[in-house]
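**Student:** One structure, as structure tokens, below. Some questions next.
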Amino acid sequence: MSRIIKLLSGLVLLATPPGAGLAHAKLTVVATTPELGAIASTIGGDGVNVSILAKPTEDPHFVDARPSHIVTLNRADALIEGGAELEIGWLPPLIEGARNAKILPGAPGRIVASDGIQLLDVPATADRSHGEIHAAGNPHFMMDPLNAKIVAQHIADAFCRTDPGGCPSHRTNLARFESAIDAKMKDWGHELAPFNGTQIVTFHATWRYFCQRFGLSCGIYLEPKPGIPPSPPHPVEVIGKMTAQNIKVILVEPYQPRKVAETVAGHTSATVVNVSQFPGGLPGTDNDYITLMDANVKAIASALRGSR
Ligand SMILES: [Zn+2]
């Protein structure tokens, strides 16, 4: 891929209009994934233009690198990434191709969401030899709304550094987002409280932080390891565990193979539930983190109620 990226980055330089590197009235912000982009829009308001690289229906570990991504990154004042190696498989060559000093590692415009987050599932020794994609720990921390508050603070701090004039507005928007999360945490906690300790099965370890926050248990996966597709005998082992422990709910995300979940559900009388880590991954959740989490909580609580 690097040869293609080099070629594309040459084209970017040719296509970049004169003056494109000068200061913009609005901050041009790029987020790797849609939930980070949604929070950037919430905090930045009218002061930012936000572009998002990954689609809500794409696996964030395996995003298709496109020439348009390099152009987008070339023009960015700030880049927000998940970190914890979430984007390690696709982002570095795009950044190399974009040739933009503002978003290089360590630059004020480079915002790493995982900074200051207590990661789960950090292995004693990083092992990528079998295609393991959580070698730095579990990068799906945004599914805990309290982590989303921490990331929103990072984003507000970075916007204030990059755009001091817009800082009062960013701080007001941050306070409003924090209050909204605090209010919703009560509703979400109330909705999920009856299922405290209940086991659910998920395709990927996306829901570890969510489950920990809301008192559910989700340590059984349809994937044998993060990033490794299910193959025999793993699904049979999952069916055995679900039967033994009376587990009745399986979570799948838009880009995961629903058929595998349905096959396992067919053997266990379980319900397959559509959830998403990204705004826009479920109907009616476009570009809003809180609306997305509302939809996730409702879908999971409804399935758990129905399985009693
Ligand atoms: Zn993952």
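The values are calculated or read from the model by the stated rules, or taken from the named source; none is laboratory data. Values in this document were obtained by computation on a predicted structure and should not be read as measured data. For neighbour counting, all protein chains shown are included, and Cβ atoms are generated from backbone atoms with ideal geometry for every residue, glycine included.
**Student:** Identify the residue in region 211-222 that is surrounded by fewer than 19 Cβ atoms within 10 Å (Cβ to Cβ) and without any contact (Cβ under 8 Å) to a residue 60 or more places away in the chain and, among all such residues, is nearest to residue 144 (Cα to Cα). Don't jump to the end; show me each part of the working.
**Tutor:** Residues of region 211-222 surrounded by fewer than 19 Cβ atoms within 10 Å (Cβ to Cβ): 212-213, 215, 217, 219-220.
Retained after the next criterion (residues that are without any contact (Cβ under 8 Å) to a residue 60 or more places away in the chain): 215, 217, 219-220.
On the way: 215: 12, 217: 14, 219: 16, 220: 19 Å.
Residue satisfying both the conditions and the ranking: 215.
**Student:** Tell me, which strands (runs of 3 or more DSSP E) wholly within region 156-273 include 3 or more residues that are within 16 Å of the ligand (Cβ to nearest atom)?
**Tutor:** On the way: elements: 199-202, 217-221, 249-252.
Per the criteria, 217-221.
**Student:** Another question about this same structure. Is it the case that some residue within region 55-68 is in contact with a strand residue (DSSP E or B) (Cβ under 6 Å, 6 or more places away or on another chain) and over 21 Å from residue 206 (Cα atoms)?
**Tutor:** Just the residues of region 55-68 that are in contact with a strand residue (DSSP E or B) (Cβ under 6 Å, 6 or more places away or on another chain), to begin with: none.
No, region 55-68 contains no residue that is in contact with a strand residue (DSSP E or B) (Cβ under 6 Å, 6 or more places away or on another chain) and over 21 Å from residue 206 (Cα atoms).
**Student:** Something else about it: Answer yes if at least one residue in region 63-80 is within 17 Å of the chain's Cα centre (by Cα), within 16 Å of the ligand (Cβ to nearest atom) and either in a loop (DSSP other than H, G, I, E, B) or at pLDDT 95 or above (or both), and no otherwise.
**Tutor:** The answer is yes, given that some residue of region 63-80 is within 17 Å of the chain's Cα centre (by Cα), within 16 Å of the ligand (Cβ to nearest atom) and either in a loop (DSSP other than H, G, I, E, B) or at pLDDT 95 or above (or both).
**Student:** Check region 24-35 and report whether any residue there is farther than 28 Å from residue 175 by Cβ, more than 15 Å from the chain's Cα centre (by Cα) and surrounded by fewer than 19 Cβ atoms within 10 Å (Cβ to Cβ).
**Tutor:** Of all residues in region 24-35, those farther than 28 Å from residue 175 by Cβ come to none.
Looking through region 24-35, none of the residues is farther than 28 Å from residue 175 by Cβ, more than 15 Å from the chain's Cα centre (by Cα) and surrounded by fewer than 19 Cβ atoms within 10 Å (Cβ to Cβ).
**Student:** Determine, yes or no, whether residue 156 is at pLDDT 95 or above and in contact with a His (Cβ under 7 Å, 6 or more places away or on another chain).
**Tutor:** On the way: at pLDDT 95 or above: yes; in contact with a His (Cβ under 7 Å, 6 or more places away or on another chain): yes.
Answer is yes for this residue.
**Student:** Looking at (1) under 18 Å from the mean Cα position of the chain (by Cα); (2) within 23 Å of residue 121 (Cβ to Cβ); (3) of a type outside the set (Ser, Thr, Tyr), find the lone condition where residue 219 falls short.
**Tutor:** Result: residue 219 fails condition (1) only.
**Student:** If only one of 150, 111, 88, 103 is farther than 24 Å from residue 288 by Cα, away from the ligand (no atom under 16 Å from the Cβ) and under 20 Å from the mean Cα position of the chain (by Cα), which one is it?
**Tutor:** Working: 150 fails: farther than 24 Å from residue 288 by Cα; 111 fails: farther than 24 Å from residue 288 by Cα; 88 fails: away from the ligand (no atom under 16 Å from the Cβ).
After ruling out the rest, the residue left standing is 103.
**Student:** Would you call residue 13 part of a helix (DSSP H, G or I) and modelled with pLDDT under 95? Working first, answer last.
**Tutor:** Working: part of a helix (DSSP H, G or I): yes; modelled with pLDDT under 95: yes.
It is true that residue 13 is part of a helix (DSSP H, G or I) and modelled with pLDDT under 95.
Each row is one residue, and each column tells you yes or no for (1) touching a residue at least 60 places away in the same chain (Cβ under 8 Å); (2) closer than 28 Å to residue 271 by Cβ.
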position: 171; (1), (2): no, no
position: 180; (1), (2): yes, no
position: 185; (1), (2): no, yes
position: 192; (1), (2): yes, yes
position: 196; (1), (2): no, yes
position: 206; (1), (2): yes, yes
position: 228; (1), (2): yes, yes
position: 235; (1), (2): no, yes
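**Student:** To continue, here is another question. Among the residues of region 144-157, is there at least one that is charged (D, E, K, R) and farther than 25 Å from residue 211 by Cα? Walk me through it before giving the result.
**Tutor:** Applying the first criterion (charged (D, E, K, R)) to region 144-157 yields 144, 149, 157.
Filter once more, keeping what is farther than 25 Å from residue 211 by Cα: 157.
Yes, some residue in region 144-157 is charged (D, E, K, R) and farther than 25 Å from residue 211 by Cα.
**Student:** Out of all the residues in region 92-127, which are part of a loop (DSSP other than H, G, I, E, B) and touching a residue at least 60 places away in the same chain (Cβ under 8 Å)?
**Tutor:** Of region 92-127, the ones part of a loop (DSSP other than H, G, I, E, B) are 99-100, 104-109, 113-127.
Those that are part of a loop (DSSP other than H, G, I, E, B) and touching a residue at least 60 places away in the same chain (Cβ under 8 Å): 99, 113, 120, 121.
**Student:** Among the residues of region 244-267, write down those that are touching a residue at least 12 places away in the same chain (Cβ under 8 Å), more than 22 Å from the chain's Cα centre (by Cα) and farther than 17 Å from residue 219 by Cβ.
**Tutor:** Correct list: 260, 263, 265, 267.
**Student:** Here is a further query. Here is a check on your reading of the model: is residue 144 modelled with pLDDT under 95 and not aromatic (Phe, Trp, Tyr)?
**Tutor:** On the way: modelled with pLDDT under 95: no; not aromatic (Phe, Trp, Tyr): yes.
Judged against the criteria, residue 144 is not a match.
**Student:** Still on this model: Go through region 128-147 and give me each residue that's within 14 Å of the ligand (Cβ to nearest atom) and either without any contact (Cβ under 8 Å) to a residue 12 or more places away in the chain or in a helix (DSSP H, G or I) (or both). Don't jump to the end; show me each part of the working.
**Tutor:** Step one: list which residues in region 128-147 are within 14 Å of the ligand (Cβ to nearest atom), which gives 128, 131-143.
Within region 128-147, 128, 141, 142, 143 meet the criteria.
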